[in-house]
Amino acid sequence: MTMTRLALLATVVAGSITWTASADTLYASYVVLGQGDVLATIDTGTGIVTTIGSLGSIGVQAIAWDSSSSTLFAFASIPDTLVAIDPLTADVAFVGASQTSAGIVGGLAYDPVRDKLYGAESLGVPLGAQMSEIDRVTGAFTPIGDPTPYGSAMTFHPASGEIFVADPFPGSLGRWNPDTSLVTELGPIAPMHSLAWSTTDSALYGIGDAPGARGETNTLYTIDPATGATINTITLSESHYYAALTAIPAPGVFAVVVVCGSTVATRRRRSTGR
């Protein structure tokens, strides 16, 4: 494993070095029939799902981590609003009415380069989705460009500076450029309604649903970001209908402390995307 994939803390004490690694955490919301929405974490190494708490019956459709304000945003369909979720307690705070015409948002993505929150408003088949910028204070949507077939899932891709987008039927992966509103088609993908880019893992994760009335699944996909092909599947410890997925990177830190000397130096590396 390389240093670029780890957030490292190095302490130099009389010639000795101690390294401590931290990794991204995937956050997901899932639905429990008759109980509402639940916030949980997913360990991508073990597949263990850990419940954080109940979100209530708000109909979470998409979540995204805003690294500029350390805010976990979500779009709730009951009512049609943008909300903020405490990732430690699952407490929900109202932000503002979405003012969308359809009231269904298939994906959210925070862009740390442009410092903007984007959403994909579902327009139904065959119209696709309308990409919009979302006001993080009022929740209002401002449309960007023409509707696109993609938009069931979104996540920021640091290497390209664009947004990964997915089309669930029949299943395809693309990259959306917020500046030009153009979508670059990448290839077929297993049907996904949630995507998350892990900066620490340098990996694209996705989750869909299984055939059946409830759509419950215990499979997390690792996806080739160039082609959309499945690289690996991770079996989760719990089967649910996972409605949304995002990554919250741990703060990247590389620090060197020289005890037997006159200098203490630290360097912090900020993660740049989801």
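Where a number appears in this text, it was derived from the coordinates with a stated rule and is not lab data. Note that the coordinates shown come from a computational prediction; the quantities given were computed from them, not determined experimentally. Positions of Cβ are generated from backbone atoms using ideal geometry, with glycine treated the same way; all protein chains shown enter the neighbour counts.
Subtracting the Cα-Cα distance from 0.36 nm times the residue separation, let me have the gained length for Val113 to Ala226 in nm, one decimal.
Numbers: separation 113, 0.36 × 113 = 40.68 nm, distance 2.08 nm.
Contour length minus the Cα-Cα distance gives 38.6 nm.
Any idea what the relative contact order of region 25-250 is, in percent, if you count C-alpha pairs under 8 Å spaced at least 6 apart? Intermediate results must be reported in sequence, preceding the final value.
Numbers: 655 pairs, mean separation 39.7, N = 226.
So the answer I get is 18 percent.
Just want the ordering: Leu204, Leu39, Leu195, Leu88, from fewest to most Cβ atoms lying within 10 Å of their own Cβ.
Leu88, Leu204, Leu39, Leu195
Please rank Thr180, Thr227, fewest neighbouring Cβ atoms within 10 Å first, as an exposure proxy. Don't skip to the answer; put the middle values down first.
Working: Thr180 10, Thr227 13.
Going from sparsest to densest Cβ surroundings: Thr180, Thr227.
How high is the relative contact order of region 44-90, in percent, counting Cα pairs under 8 Å that sit 6 or more residues apart?
After rounding, I find 33 percent.
Taking a temperature of 10 °C and a viscosity of 1.306 mPa s, what whole-number D in µm²/s does Stokes-Einstein yield for region 25-250 with Rh from Kirkwood over alpha carbon pairs?
D, rounded to a whole number, is 94 µm²/s.
Between Leu88 and Thr142, 0.36 nm times their residue separation minus their Cα-Cα distance comes to what? Numbers along the way, then the final one.
Working: separation 54, 0.36 × 54 = 19.44 nm, distance 3.04 nm.
Extending this stretch completely gives an extra 16.4 nm.
With labels modelled as points extended 7 Å from the Cα through the Cβ direction, what inter-label distance (nm, one decimal) is found for Ser54 paired with Thr184?
Rounded to a tenth, the inter-label distance reads 4.6 nm.
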